[in-house]
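J.: Below you will find the structure I want to go over with you.
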Amino acid sequence: VFQGRVPETAAGGQDRVQVAFVMPFVEFQLVKVATLLTEHWARFPPCRPDTPRQSADLVFFTENPLGPGVQRRIRSHYAGLGVERTGCFRTDEPIFLSMTAEVNPELSHLEGAAFTFYSLFRLLEKRYQTFVLAEPDVAPVQPNFLAVLVKKSRSVNCDSDGFWQFGSLPLTKDVDAGMLRERVDYHMNGNAIYVLGCAEFEE
């Protein structure tokens, strides 16, 4: 499942959108998504009224397709922010994306989460240059954050002087913060900016 591979990018890859701002969640986290949009994004919105459109899409990502009712609720929360707070996204509506391959139910929680994470690369690489992974408990602390993320994402690339990932680092046994030393899986916190279409990073 986790073998390296050669990414597939559309012809003329420079035409890809710069950033997919991906919010992954499972349905029982819908309250977190609603709180993020109606409280945190209302206080620290992604856009200012004068911020131009950015090369960035808002993508809600779930393992299974969301029902129409759940999508309507999310759209309603998003629309409630008003175009002055969301108008810098490339499109007026968020995008709903789900897995195209079934997750093996025999995978553990950790393996299933990893499978879902790696699947994002395959699902996004033809349309986007990079993606920001921001789980629904990741809240902004400053307004107009989208333009800053798009600008920062331009340093995340496959060039010799670029970064493949910007943000959270893998945990190691030397990390001493909270309960992290007690963990045995040493997984990375996925909330970061990632390059897409980079064979070296995939490997």
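J.: Quick one: in the stretch 24-53, of everything that is under 16 Å from the mean Cα position of the chain (by Cα) and not hydrophobic (A, V, I, L, M, F, W, C), which residue is farthest from Met99 (Cα to Cα)?
T.: That would be Pro46.
J.: Would you mind listing the helices (runs of 4 or more DSSP H) fully within the stretch 63-182 where at least 3 residues are aliphatic (A, V, I, L, M) and modelled with pLDDT of 85 or more?
T.: Working: elements: 68-80, 83-86, 109-124, 145-153.
Answer list for the stretch 63-182: 68-80, 109-124, 145-153.
J.: Residues Gly87, Gly112, Gly82: which one is open to solvent by less than 70 Å² (accessible area, probe 1.4 Å) and closer than 21 Å to Val17 by Cα?
T.: Values: Gly112 fails: closer than 21 Å to Val17 by Cα; Gly82 fails: closer than 21 Å to Val17 by Cα.
None of the other options fit; the residue is Gly87.
J.: Which condition number in (1) β-branched (Val, Ile, Thr); (2) touching a residue at least 12 places away in the same chain (Cβ under 8 Å); (3) over 18 Å from Ile193 (Cβ atoms) is the one that Val17 fails?
T.: (3)
J.: Look at Val22 and say whether it is crowded, with 19+ Cβ neighbours inside 10 Å and in contact with a His (Cβ under 8 Å, 6 or more places away or on another chain).
T.: Details: crowded, with 19+ Cβ neighbours inside 10 Å: yes; in contact with a His (Cβ under 8 Å, 6 or more places away or on another chain): no.
Taking the combined requirement at face value, the residue does not satisfy it.
J.: Just checking, how many residues over the stretch 53-96 are touching a residue at least 40 places away in the same chain (Cβ under 8 Å) and farther than 30 Å from Leu107 by Cα?
T.: 15
J.: Right, next: May I ask you to list the residues in the stretch 2-44 that are touching a helix residue (DSSP H, G or I) at 6+ places or on another chain (Cβ under 8 Å), at pLDDT below 90 and part of a helix (DSSP H, G or I)?
T.: Correct list: Glu27 only.
The values are calculated or read from the model by the stated rules, or taken from the named source; none is laboratory data. Remember, predicted model here, so these are calculated numbers, not experimental data. Every residue, glycine among them, receives a Cβ derived from its backbone with ideal geometry; neighbour counts consider all protein chains shown. To get the accessible areas, we keep the full protein, side chains included, count just its heavy atoms, and leave off ligands, DNA and RNA. Shrake-Rupley method; radii C 1.70, N 1.55, O 1.52, S 1.80 Å.
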